[in-house]
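One structure, as structure tokens, below. Some questions next.
The values are calculated or read from the model by the stated rules, or taken from the named source; none is laboratory data. Just so it is clear, the model here is predicted, and its values are computed rather than measured. Cβ placement follows ideal geometry from the backbone for every residue including glycine, while neighbour counts extend to all protein chains displayed. Ligands, DNA and RNA are excluded from the accessible area calculation, which covers all protein heavy atoms including side chains. Shrake-Rupley method; radii C 1.70, N 1.55, O 1.52, S 1.80 Å.
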Amino acid sequence: AAAGGLVGAIIGAAAGHASGEAINPTVEEQYWKSAYGKEPYYNQKYGYDDYAPAYRVGYVGRSRYNDASWERAEPELESAWEKTRGESRLEWAQARDASRAAWDRAGRSSSPR
């Protein structure tokens, strides 16, 4: 059930309808579209469309599991990845670092200041 809720949240965020979230999906998408090629895990064989679903899983997962550690949330995020990856050519082992990067960035963005 938790994975189903996360999948729904990811689909909503992908459509730009995440409301009441501290994380703005539009801002995150713009950031990652310009930054993904500079990330240490980036592989030139893949384009932004391959990485984008992994970023969504990470930042939407962070908003859903904000109090959980990455290690605790990762199984749910992997499950969400498998359901929402669409046309991405990445397997979870390749997408994991991108998702973690988005998770970490979202955690910094939603931290109390």
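Against the definition (closer than 15 Å to ILE23 by Cα, surrounded by fewer than 20 Cβ atoms within 10 Å (Cβ to Cβ) and without any contact (Cβ under 8 Å) to a residue 60 or more places away in the chain), how does TYR65 come out, yes or no?
Spelling it out, TYR65 is indeed closer than 15 Å to ILE23 by Cα, surrounded by fewer than 20 Cβ atoms within 10 Å (Cβ to Cβ) and without any contact (Cβ under 8 Å) to a residue 60 or more places away in the chain.
Restricting to the stretch 72-113, give me the number of residues that are among the hydroxyl-bearing types (Ser, Thr, Tyr), buried (at least 16 other Cβ atoms within 10 Å of the Cβ) and not in a helix (DSSP H, G or I).
1
Test ALA22 against the criterion of being in contact with a Ser or Thr (Cβ under 6 Å, 6 or more places away or on another chain) and of a type outside the set (Val, Ile, Thr), and give yes or no.
Spelling it out, ALA22 is indeed in contact with a Ser or Thr (Cβ under 6 Å, 6 or more places away or on another chain) and of a type outside the set (Val, Ile, Thr).
What is the one condition in (1) open to solvent by 40 Å² or more (accessible area, probe 1.4 Å); (2) within 19 Å of SER109 (Cα to Cα) that ALA52 does not satisfy?
Exception for ALA52: condition (1).
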